[in-house]
1. In the set Leu220, Leu213, Leu271, Leu229, which member is within 15 Å of the chain's Cα centre (by Cα), closer than 30 Å to Ile50 by Cβ and open to solvent by less than 40 Å² (accessible area, probe 1.4 Å)?
2. Can you list the strands (runs of 3 or more DSSP E) found entirely within region 377-464 that contain at least 2 residues being open to solvent by less than 20 Å² (accessible area, probe 1.4 Å) and within 13 Å of Asp310 (Cβ to Cβ)?
3. Based on this model, can you work out whether Ala114 counts as surrounded by 14 or more Cβ atoms within 10 Å (Cβ to Cβ) and either among the basic types (Lys, Arg) or in contact with an Asp or Glu (Cβ under 6 Å, 6 or more places away or on another chain) (or both)?
4. If Val149 meets every condition in (1) without any contact (Cβ under 8 Å) to a residue 60 or more places away in the chain; (2) touching a strand residue (DSSP E or B) at 6+ places or on another chain (Cβ under 6 Å) apart from one, which number is that one?
5. Would you confirm, using the coordinates I've provided, whether Arg140 is open to solvent by 50 Å² or more (accessible area, probe 1.4 Å) and within 30 Å of Ser270 (Cβ to Cβ)?
6. Just one of (1) over 25 Å from Arg212 (Cα atoms); (2) open to solvent by 10 Å² or more (accessible area, probe 1.4 Å) trips up Pro345, so point out which.
7. Can Asp310 be described as in a strand (DSSP E or B), out of contact with any Lys or Arg (no Cβ under 7 Å at 6 or more places or on another chain), of a type outside the set (S, T, N, Q) and surrounded by 19 or more Cβ atoms within 10 Å (Cβ to Cβ)?
8. Quick one: is Ser175 free of Cβ contacts under 8 Å to residues at least 60 places away in the same chain and among the hydroxyl-bearing types (Ser, Thr, Tyr)?
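The values are calculated or read from the model by the stated rules, or taken from the named source; none is laboratory data. Predicted model, so just to flag it, every value in this text is computed and none were measured. Note that each Cβ is placed from the backbone with ideal geometry, even for glycine, and that neighbours are counted across all protein chains shown. All accessible areas refer to the heavy atoms of the entire protein, side chains included, with ligands and DNA or RNA removed. Shrake-Rupley method; radii C 1.70, N 1.55, O 1.52, S 1.80 Å.
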Amino acid sequence: MRIALITLLVVCLTPFATAQRAPLFTQDFSPEEFAARREAVYDAIGASGIALLQGAPSPRGYTRFRQTNEFYYLTGVEVPHALVLLDGASRSATLYLPHRNARREAGEGRMLAAEDTDFFSDLGYAGVYGPELLGEHLGRQLRRAGVTVFTPFSPAEGTAESRDLGLRVNADIASDPWDGRPTREAAFMQLLEQRFPGIVLADLTPTLDALRLVKSDGELALIRKATRLSGLALMEAARSTVPGIMEEELDAVARYIFLRHGAQGDAYYSLIAGGPNAFFPHYHAGKSPLVDGELVLMDYAPDVGYYMSDVTRMWPVNGRFSKEQRELYGFYLACYKAILSHIRPEVTAAQIRREAVKDMDAAFAAASFTKPAHREAARAFVESYRAGSQREDARLGHWVGMATHDVGDYTGPLKPGMVFTIEPALRVPEEMIYIRLEDLIIITEAGAEIVSDFVPMEIEDLERLMEEPGMLQDSAKELDAALMQALDPDMARKR
């Protein structure tokens, strides 16, 4: 009976799978681009090397599957529990995928499986098999003398995750006396060592990091789109800001714009912080009302086809900067633009910082502050930047790419195709004031493309922007009122 049911499902599924409109393989990159990335790995590991990567497991809960950055970067394959073996000797790639699950496909649509040999041969793979054959195939490869198996030692990057967060999560698990389980990467390496005694393992992470540091034209196109969506969302949030709304309401405005225009999710949780909440750079509770007379910081970007952005702006909750806010923000903005003006290829971050700090000194000399605490904060901001400029491993901000805090070496001169943000922060501890802007920058042959420069940052431009009607007060007003009435009549009357 069970065999008959599965046979029936396969028969019924065949026309459904044929008619399915969702693409089975990414449309963002060509198979040739993935093949070129694998060619670079073959060059790095040599003829005696084998690279072996695990993809992401099935997600917990009713969430859409998202492949790990590392696996997607080399394969483009978005299937849970996939593996790929890259053989440096034959310079060929073999996939290992779960077998076709007819019952699941009847409910969710067609999924790529080990049986799709013709499909994957057209994508440049030497073969595709079930995962049970990986051990046999790897064992044959290891009979060759001097073979090294390269696999990533660092935690894989998943949904809205950068490596720094992955390392933190692993540390939290390790330090929990009631948990302490090994990382997925460690468990994978332990299995390899148990099943193949004497196997020589090496870290593939540095190779992948170096490849990901300089982006291709296709990668840059996705990053530009993510940046455009980020900027448009921040602008709409500014239009919708009025005293009394909740931080999380601006999150909803931005998320609508992201998902409405092709994002597959968040690059990171929204950092929307009113007043003193902004003093905590990664505050993300979103549960506070925005207060008249304070500034609000918004730092939020989407995930577009596995590529991220990172943009931050600040604006006054009531639409007008106060005298003291204009002084402090105006000084910060002059320093911020000084940094942007010196960014270019073939120089180091340390050199750019040293050049920018001279302009920051001039900005401080020209600035006036009503409050002594603000003047001291401004002076400390410049001195901190000066101190950082003396370090040869100085940074301007952080890389951006498949992760918001992307991977790659920070030493050496900037090269075309590198993508990063700057985000210097000015703090006034006595008043819990925190000011920070952030823009996404692509290094080009000619200079620096500030992709997010269409998002207002000048005081007058921000104030004009906030005079425009926003989603929460204009086009969505009637709908919002109707929804509030349906959800909570008492709350609707109060609002």
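1. The match here is Leu213.
2. Passing ranges, in order: 397-399, 419-422, 439-443.
3. no
4. All conditions pass for Val149, except number (1).
5. No.
6. It fails just one condition, (1).
7. no
8. Here the answer is yes, as Ser175 does meet what is asked.
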